[in-house]
Structures are given as C-alpha cells and as structure tokens.
Amino acid sequence: NAGSGAAGFENKWINNLVSKSTLEHWRPKIPKGGRRATPYIFTEKRNDIQTVIVPQDGVQGGNKRTFPLNNASRTVLSSFDTVDFRHILAAKEEMKSWKFLQLNPEDLRQATSKNNGEDTISVSGKNLAAALFRIKQNDKYSLKEISRKLNSFLPNFTEVDVVDDNENKQYLIKLKDVDKKEFSSRVLSEGTLRILALCILEFDEKHTGLLCFEEPENGIHPFRIKAMTELLKDLSVDFNEVEIPLRQVIVNTHSPVLVGNMDTWKNDKNVSIWYAQMRTTISDINGDRLKINSTKISPVVKDNSLLQLSLIFSEQDRKLTLAIVNDYLQTAQFEETNF
C-alpha cells in the first residue's frame, strides 16, 4: 500500500489498529505532490503472463523493473540493492531482520566467551550473557527491571546479574533466590532459562522487528504458560506508546492453555488469534481431478469468551469449525484438573 493520500487508497489495517492521536507518528503524511496512488510493487498480466511491476521511487513515469513469473527462480525482493528503489530495499532489509526463535537449553546455559565479539541473542539463545552484560553497562536500571520482571513470574528468584569472569574470559549469568543462594545459568531449568531470555529481550534495545516463535510452550511447566504468554505480549509494540521500538511477535502453538490465556486481551486490537485447519479441496489440473490438502488459516473474532468463538467462514464451515475450536479449548480445562 502506497500510503495515506488518495481517496479509496487508505491503509485500512493501520487505521483500525492505531488511534488518531498517534497515527501520524507511525504513518507520516505524504508531502504535497508526493507519491500517492501508485503502489510500490504490483502484479499485472503482460502478454498473458503474470508479471511483477516495480516503479522507480520518486520518479513520475520513471524507470520500471519487470519480473515475469512464468520462470521465476528467486524472489523479486532479492533483486534490489540500490536506493533507486528505496522502499523495496527497506522491505527487503526488514524481512532479513526477522528472527525465528528456537531456544536451545544448552545454548541458553552457556557462558559467553569474550573472544567471539557477539553481544546479541541468537535465535537459539547463544550470547545471552553477553547481551545482558551490554544492557547492564548501558543502563544498570534495566538490570533491576529484568530482575523485577523475572520475579513477577518466578517468585523464587529475586535478582538477575551477569558476571565479568576475567579469569576465564567470559560472561556468566547468575540468579539469586529468596534465601540469597546463587545459581549460575549452567544449573537452571529449561523453563526458567526460556522465561529469562524473553525478559532480557524485552529490555534489549537491539531487539526490534518481527519475532517468530514456534511452540513456546515446549519445556515449560503448564503452570508457567500464563507467564510465557504475558511475556510474549510484552515483546510486541503497543501503538499508543511512541517511544518504544517497533516489535511484533507471531506464535505458532498447539497449547490450548496458551490460547485460553489470551482471553485477557480480548478487547486489545494489538492481539489477534488465527486458527489453522487442514482442508481437502478437489481441483482440475490439466484435465485431471486431483485432491489437494492445504492449510486454511482464518482469523478468530474474539467475543466475550474464547469459548464462544466465531470465525470468518461460510455459514456451513463456521458451524463445523466453531465446534472444533470449542473442543480444542475445552482440553485446557482437562489439563488444569490433572496438574
């Protein structure tokens, strides 16, 4: 979408999500005479071939790059590396920054060697101690906030610290409990380490952009899934706060407990739930009738209770799917009675 100028070309998503008081901060007005109605990238048929068209930025009727899709071997965005197409380049760089978090307990437990020079948390959880040391050096108050955050979810731990171990040339995370006993990251449980990593990410100014997390409930005791859900929410941006970095979290989960906990934010536009279901369709391909299995992902409309969900389907599909979702969430009640 090109922006906010021409009638009928409004960005409906951002207008629905962001309040008028902060709208201009997130989507500045286009200067008079600026680009309005022309998309930065679009598709049309040329010589009966679907073709991606990319007009040059800032040049009315300027150069265009075209990409026929009949023999495409790579993505269109991968072809851009100059500021002549700065919006496309910006989209490419943003997508390159997406993180697919796969926290590994062994990587989370490791001290960080000073020799590797890395101080950002990897997708598997490496460099956790170095990242925390950088945060501590920049703002000691953030370390106290991380301690408070962890304590709110794990009351047994009262203090988070990171030690500069000069003798072994490494950084090592240590936690203190209510009895003042000290524990290094090497002996912490997987669940504690996962929650600690998310607490650190929240206060890490270097963490921005999209974070994708598959099955965050893995390795977490069912009693702590609520804490995990709240931490993931805190890692996403609230568009009413303009001083924080842009962050988004996408979670793929099989846990009805995690989904059920999201009832807390049923009136929050910044939180959405989508339901994935395998569907079988029959298609004619080159004269042959074939069965094709595909995943249908549909938005869930949040009512007064997540146990009364309505989904955007045809009426027949909606009745079927609503029953499936209700059955799915009912399993959470069964789990709660068995722990």
Where Met262, Met228 fall by accessible area, highest first, once all protein chains stay in place (1.4 Å)
Met262, Met228
Starting from the 7 Å offset along Cα-to-Cβ, what nm value, one decimal, do you get for the label separation of Cys212 and Ser298?
2.4 nm
Dividing the surface of the Cα convex hull of segment 35-131 by four yields a projected area in nm² of 9.5 nm²
Modelled label-to-label distance, Ala276 and Gln50, 7 Å Cα→beta-carbon offset: nm?
2.2 nm
Span per principal axis, largest first, for the Cα atoms of segment 246-293 (Å):
50, 27, 17
At 1.4 Å probe size, with no ligands or nucleic acids counted, give the accessible surface of Arg148 in Å², nearest ten.
130 Å²
Residue-ordered couplings for segment 286-298, obtained by feeding phi - 60° into the Karplus form 6.51 cos²θ - 1.76 cosθ + 1.60 and rounding to whole Hz (Gly and Pro as x), are 6, x, 9, 8, 10, 8, 10, 8, 9, 9, 9, 10, 10
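Calculate the translational D of segment 118-218 in whole µm² s⁻¹ from Stokes-Einstein, where the hydrodynamic radius comes from the Kirkwood formula applied to all Cα pairs, the temperature is 20 °C and the viscosity 1.002 mPa s. Mind showing how you got there, number by number?
Values: Rh = 14.0 Å.
The diffusion coefficient I find is 154 µm²/s.
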Once amide H atoms are built 1.01 Å from N in the peptide plane, which residues 5 or more positions from Asn104, or in another chain, come under 5 Å H to H?
Gly125
For segment 11-166, give the percent of accessible area contributed by carbon and sulfur heavy atoms, probe 1.4 Å, rounded to a whole number.
49 percent
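Excluding ligands, DNA and RNA, what is the solvent-accessible area per residue of segment 192-276 at a probe of 1.4 Å, expressed in Å²?
Working: 3920 Å² over 85 residues.
That works out to 46 Å² per residue.
Give me the number: length gained by fully extending Glu94 to Lys266, i.e. 0.36 nm times residue separation minus the C-alpha to C-alpha distance, one decimal in nm.
Numbers: separation 172, 0.36 × 172 = 61.92 nm, distance 2.90 nm.
That works out to 59.0 nm of additional length.
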What ³J(HN,Hα) values, in whole Hz, does the Karplus curve 6.51 cos²θ - 1.76 cosθ + 1.60 give for segment 246-258 when θ = phi - 60°, with x put for Gly and Pro?
6, 9, 9, 10, 10, 10, 10, 9, 10, 8, x, 5, 5
Entries in Lys12/Lys269; Lys99/Lys206; Lys149/Lys174; Lys92/Lys233; Lys144/Lys226 that, when Cα-Cα distance is taken, lie over 19 Å
Lys92/Lys233; Lys144/Lys226
Can you list the residues, at least 5 places off or on another chain, whose amide H is less than 5 Å from the amide H of Ile173, using H built in the peptide plane?
Val163, Ser185
Convex hull volume per residue in cubic angstrom - Cα atoms of segment 156-212
116 Å³
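The values are calculated or read from the model by the stated rules, or taken from the named source; none is laboratory data. As the structure is a computational prediction, the values presented were derived from the model and not from experiment. FYI the Cβ positions are ideal-geometry reconstructions off the backbone, even for glycines, and counts take in every protein chain you see. To get the accessible areas, we keep the full protein, side chains included, count just its heavy atoms, and leave off ligands, DNA and RNA. Shrake-Rupley method; radii C 1.70, N 1.55, O 1.52, S 1.80 Å.
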